[in-house]
Amino acid sequence: MKIRVSGWALTNTLELSDQTAQSLMHRVEGAEVQAINLQNPEDEPVTVPGTQVAGVETGYFELPSALQKEGLWLLYPAPASEIYFRPKIHIPDFNYCTPTDDTSVSTLNAAARYYHPIECRGIFKPVLNAMAEDFFHSSWLYLIQLKKRCEHIPLSAFECWKALARHPEAMALAVFRLEMDSLFVERLKHELAVIWEVVTPRQWRRALQRYIRGMVYQFGLLESMITEQARSKLEQLAAHIPVFRSFGELLICDTPAPMLPLEAVIPLWQNDLRTRHDAAIWPEDLSEELCIWLAQQPDYHWFNESSLPWYMKPVILMPVFTAHLSAGKASLSQLQTSEIAVRSAISVLTDFDRHAWYEPVYSAVLTNLLQPYTP
């Protein structure tokens, strides 16, 4: 008998399904299945063999004895698999993954073991709180191993990555602690809808300080050398994390960026934007929500009174809103719609004209909001 509950498997066999949960039983040729122990991602993956009857593939995969022991397993396509299927959790014994009143969860290993989408939904947050303040927390090694072993698997298959993506302080340190490159930063944006603007300059600054102190302590290198490495990292990721482009020196050594007269420069940039995209189809996501939010900002009454065509407002207002996000003066919930919809809309609106409109306006508004800046 096979039991499937929201992608969690309680069976000795595996039936593959696609991203829409449709069966792949008759399309398994070339599929290769592996399993990783989510509690110990440093362990070697286990191969899950397919089953045959009279030399014909049945469409089922037999879970080996190793997966019948205590543990929490992720079944996923091997790197060489010709068929991509939806990763699935396998739990041989739910009692093993059920915490008691005396259970202590202080690592991501333990959080992965006891996570439950209903009963223990927030179990990762206390661990991430501790990681955000501790460069040497053991759970950073957990993420390093997961990032290395499962680089071909969507990040959304892992609850720990999803929890990290919603924890700004831990995300800030993770950029440096996990040595993220541009490709991984982009994966976080597209696979987990990460909005880097929710991380404030203060949080970036503290993460940089912990990174520099941690590297100096661990390797005995000069602080000036690590600081230069950090500066280089900011430059590498500036195309993906807007605050790095204009505020790198502010984050590293408290050197503030010069203020710009917003009421003078933004209308000029706005006219250029309209000229560049006069014939374009403008995304209209969050139009009403952004207008309501802006009407509540007394310092931007001049912006609200400008004669903007209604279909241009979301693109034009978005960098003002995200600058307030970064300054800690706004939250996603203020847009009064589902967070999933907000994150998707922000991705679309910020990419409409990122380099010539979004980033200059975002930087100019944020600069003014950070005066005077206190780390």
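The values are calculated or read from the model by the stated rules, or taken from the named source; none is laboratory data. Predicted model, so just to flag it, every value in this text is computed and none were measured. All Cβ positions, glycine included, derive from the backbone under ideal geometry; neighbour counts span all protein chains shown.
Can you find even one residue in the stretch 242-263 that is assigned to a helix (DSSP H, G or I), exposed (fewer than 12 other Cβ atoms within 10 Å of the Cβ) and of a type in the set (G, A, S)? The answer is no, given that none of the residues of the stretch 242-263 is assigned to a helix (DSSP H, G or I), exposed (fewer than 12 other Cβ atoms within 10 Å of the Cβ) and of a type in the set (G, A, S).
In the stretch 51-71, of all residues being of a type outside the set (A, V, I, L, M) and at pLDDT 80 or above, the one that is nearest to Y84 (Cα to Cα) corresponds to F61. Within the stretch 307-335, if we keep just the residues that are polar (S, T, N, Q) and surrounded by 12 or more Cβ atoms within 10 Å (Cβ to Cβ), the residue that is farthest from A193 (Cα to Cα) turns out to be Q334. Taking the numbered list (1) under 18 Å from S156 (Cβ atoms); (2) of a type in the set (S, T, Y); (3) in the same structural domain as Y217 (by TED's automatic domain parsing) in turn, Y76 passes all entries but (3). Quick check on L268: is it assigned to a helix (DSSP H, G or I), more than 32 Å from the chain's Cα centre (by Cα), farther than 30 Å from A172 by Cβ and not acidic (D, E)? Yes. Here S156 meets each of (1) in contact with an Asp or Glu (Cβ under 8 Å, 6 or more places away or on another chain); (2) surrounded by 18 or more Cβ atoms within 10 Å (Cβ to Cβ) with one exception, condition (2).
Got at least one residue in the stretch 82-105 being within 26 Å of V198 (Cβ to Cβ) and surrounded by 13 or more Cβ atoms within 10 Å (Cβ to Cβ)? Outline the logic, then answer.
In the first step, residues of the stretch 82-105 are kept if they are within 26 Å of V198 (Cβ to Cβ); the result is 105.
Then drop every residue that is not surrounded by 13 or more Cβ atoms within 10 Å (Cβ to Cβ), which leaves 105.
Looking for residues that are within 26 Å of V198 (Cβ to Cβ) and surrounded by 13 or more Cβ atoms within 10 Å (Cβ to Cβ), one finds at least one in the stretch 82-105, hence yes.
In the set (1) more than 26 Å from the chain's Cα centre (by Cα); (2) in a loop (DSSP other than H, G, I, E, B); (3) loosely packed, with under 14 Cβ neighbours inside 10 Å; (4) not aromatic (F, W, Y), the condition left unmet by P79 is number (1). Of the residues making up the stretch 18-50, those that are more than 20 Å from C160 (Cα to Cα), part of a strand (DSSP E or B) and modelled with pLDDT of 70 or more number 5.
A quick yes/no check of all residues on (1) in contact with a helix residue (DSSP H, G or I) (Cβ under 8 Å, 6 or more places away or on another chain); (2) in the same structural domain as L237 (by TED's automatic domain parsing); (3) among the β-branched types (V, I, T):
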site: V127; (1), (2), (3): yes, yes, yes
site: Q145; (1), (2), (3): no, yes, no
site: A163; (1), (2), (3): yes, yes, no
site: E169; (1), (2), (3): yes, yes, no
site: F184; (1), (2), (3): yes, yes, no
site: R187; (1), (2), (3): yes, yes, no
site: W196; (1), (2), (3): yes, yes, no
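Of everything listed in (1) surrounded by fewer than 18 Cβ atoms within 10 Å (Cβ to Cβ); (2) modelled with pLDDT under 90; (3) among the hydrophobic types (A, V, I, L, M, F, W, C); (4) touching a Leu at 6+ places or on another chain (Cβ under 9 Å), the single unmet condition for A341 is (2). Residues of the stretch 77-105 that are over 17 Å from Y115 (Cβ atoms) and either among the aromatic types (F, W, Y) or touching a helix residue (DSSP H, G or I) at 6+ places or on another chain (Cβ under 9 Å) (or both): Y84, F85, R86. State all residues of the stretch 92-126 that are among the small types (G, A, S) and closer than 17 Å to L141 by Cβ; if no residue qualifies, say none. Correct list: S106, A110, A111, A112.
With respect to the conditions (1) polar (S, T, N, Q); (2) in the same structural domain as M318 (by TED's automatic domain parsing); (3) surrounded by fewer than 14 Cβ atoms within 10 Å (Cβ to Cβ), Q270 falls short on a single one, namely (3).
Within the stretch 275-305, the set of residues being polar (S, T, N, Q) and closer than 20 Å to D353 by Cα comprises T275, S287. Hey, could you check the stretch 106-134 for residues that are closer than 15 Å to H167 by Cβ and aliphatic (A, V, I, L, M) and say which is surrounded by the fewest Cβ atoms within 10 Å (Cβ to Cβ)? Applying the filter and picking the extreme gives A130.
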